[in-house]
Amino acid sequence: MIYHVTSGERSWVVELGPDGVLVDGRAVDIDIGQVHGSPVRSLVLDGTSHRLAARRTGPEQWAIHVRGRRVEARVVDERTRAIREMTAAGTGPMGPSPVVAPMPGLVVRVEVEERDVVRAGQGVVIVEAMKMENELVAGADGVVTRVHVASGEAVEKDQLLVELGELPDE
C-alpha cells in the first residue's frame, strides 16, 4: 500500500509491502508495536527506538506526539490521491465542468436531476469501481443541465455522466 504523507512543508511517499517499507524509494528497517493498555507505540526505525502516540484528528489528519513535540501529518493513500487527480477534486472552483467517470465502473446512485442547483464539492453521482463506492462531486457551483446515466448503468473511463452549466443571474 502506498501513502503520501505531508507534515509542514515536507512530503514523503511511504510504501508498505510484503518485503518491507520504502520511504521515498529508500528501504528502511522499521518495527512498531503497541505498549499494552495505552495509546503509546514503540517505534524502532533504522535501529533507533522511539516512543510515540498517534491519534487520528480528521479523515486524513493525524497528531503525533514524539519527544515532547506534537507533529501534524496528513496521510492520503495512493488510490484516493489518484481519484482526486483524475476528477480534479480539491483544485478549487473554476466554473462548472462536466462530471465524468474517472474509471470504468457501475453507477450506484445519481444524486441530482436536471435543473438542480449544485455547490462545489456536492455529491453528484456514486460510482462503484474496484469494489469501492466513489462519490463524484461538482467542481464548482452550477446547475445540472443534463444527466446522461442512471442507477445500475455500467460506465467507461472518461464517459460523460452529468453536464453542469453556469448559475443563472439572480
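The values are calculated or read from the model by the stated rules, or taken from the named source; none is laboratory data. Because the structure is a prediction, the values reported are computed rather than measured. Virtual Cβ from ideal backbone geometry, glycine too; neighbours counted across all protein chains shown.
A few notes on this one:
- Residue 140 falls short on exactly one of the conditions (1) at pLDDT below 85; (2) assigned by TED's automatic domain parsing to the domain that holds residue 16, and that condition is (2).
- Restricting the range 122-138 to residues that are in a loop (DSSP other than H, G, I, E, B) and touching a residue at least 24 places away in the same chain (Cβ under 8 Å), the residue that is surrounded by the fewest Cβ atoms within 10 Å (Cβ to Cβ): 130
- Scanning the range 105-119 for residues that are of a type in the set (D, E, K, R) and within 20 Å of residue 157 (Cα to Cα) turns up 109, 111.
- Criterion violated by residue 58 - all others in (1) assigned to a strand (DSSP E or B); (2) loosely packed, with under 14 Cβ neighbours inside 10 Å; (3) of a type outside the set (A, V, I, L, M) satisfied: (1)
- Checking every residue in the range 161-168 against the condition of being among the aliphatic types (A, V, I, L, M), loosely packed, with under 13 Cβ neighbours inside 10 Å and at pLDDT below 90 gives zero matches.
- Residue satisfying condition, being closer than 21 Å to residue 80 by Cβ, surrounded by fewer than 17 Cβ atoms within 10 Å (Cβ to Cβ) and not aliphatic (A, V, I, L, M), within set 146, 109, 119: 109
- Single residue of 71, 144 found to be outside any loop (DSSP other than H, G, I, E, B) and within 30 Å of residue 23 (Cα to Cα): 71
- Of the candidates 141, 169, the single residue that is free of Cβ contacts under 8 Å to residues at least 12 places away in the same chain and not basic (Lys, Arg) is 169.
- Of the candidates 85, 72, the single residue that is within 30 Å of residue 143 (Cβ to Cβ) and either modelled with pLDDT of 90 or more or loosely packed, with under 14 Cβ neighbours inside 10 Å (or both) is 85.
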